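Heads up: the structure comes next, in structure tokens.
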Amino acid sequence: MSSRTFSQIYIQIVFAVKNRKALIDPSWKDELYKYITGIVRSKEQKMLAINGTSDHIHFLIGMRPSCCLSDLVREIKKSTDAFIKEKRFSSFPFQWQDGFGAFSYGHSAVSNVIQYIQQQQEHHRKKTFKEEYLTFLRKFEIDFKEEHLFDWLK
């Protein structure tokens, strides 16, 4: 990448535990988030916020144009699956759901998105992950068929 390439790309990434099982325990979620942040940084991207609930996570990154988002998410999922197993965090088989959501924002929205991510526990007292995810898809006018979404919508 040229030293003359300048960009400002903000992407919120959302993905869930397979079958939306509530397997992310509060006792180790911070360690998981630090691990994911390390992966993002090692790929030369900037972590701006990360949080979630027991069954899914959200994170906002400042992304370089040279980044392949699918490769980044694939690496995060693969590495964290192994990390969770190695640390024996879950007594149940842990796996991420196939696929992910990626939503782009302009610079003026970044502080609101960070606040939204930081308040996930509070937010999900009022809205399920299914409701939240469908809201994102509709808000961003993403064409989808419910039968192709996460297993919990089938």
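Readers should treat all values here as calculations from the given coordinates under stated rules, not as data from a laboratory. As the structure is a prediction and not an experimental result, all values here were calculated from the model. A quick note on method: Cβ atoms are made from the backbone with ideal geometry, for glycine too, and the neighbour counts reach across all protein chains shown.
Observations
- Working note: Cα atoms of the chain, range along each principal axis, descending, whole Å: 49, 36, 28.
- Listed residue (Ile13, Pro26, Gln120) projecting farthest to the positive dipole end of the range 9-144, Cβ model: Pro26
- Among Gly38, Phe140, Phe92 the positive-end extreme of the charge dipole of the chain (Cβ point charges): Gly38
- In terms of the mean number of neighbouring beta-carbon atoms within 10 Å, the peptides 128-139, 29-40 order highest first as 29-40, 128-139.
- For the range 9-144, relative contact order (Cα pairs under 8 Å, six or more residues apart, normalised by length) works out to 36 percent.
- Choice from Gln45, Gln95, Gln119 with maximal GNM fluctuation in the chain (Cα, 10 Å cutoff): Gln119
- About the centre of its Cα atoms, the chain shows a dipole size close to 200 debye [charges on the beta carbon of Lys, Arg (+1) and Asp, Glu (-1) only; nearest 20 debye].
- Take the Cβ atoms of Ser104 and Ala82, set R0 to 30 Å, and the FRET efficiency comes out at 0.55.
- Approximating the spin labels as points 7 Å out from Cα along Cα→Cβ, the Leu134-to-Leu69 distance works out to 2.3 nm.
- Extension gain (nm, one decimal) between Ser90 and Arg4, 0.36 nm per residue minus Cα-Cα: 26.4 nm
- Stretching Lys127 away from Lys145 to a fully extended chain increases their span by 4.4 nm, per 0.36 nm per residue minus the current alpha-carbon distance.
- Within a straight-line Cα-Cα reach of under 16 Å, Lys29 can be paired with the following lysines, leaving aside sequence neighbours fewer than 8 residues apart in one chain: Lys21, Lys77, Lys85, Lys87.
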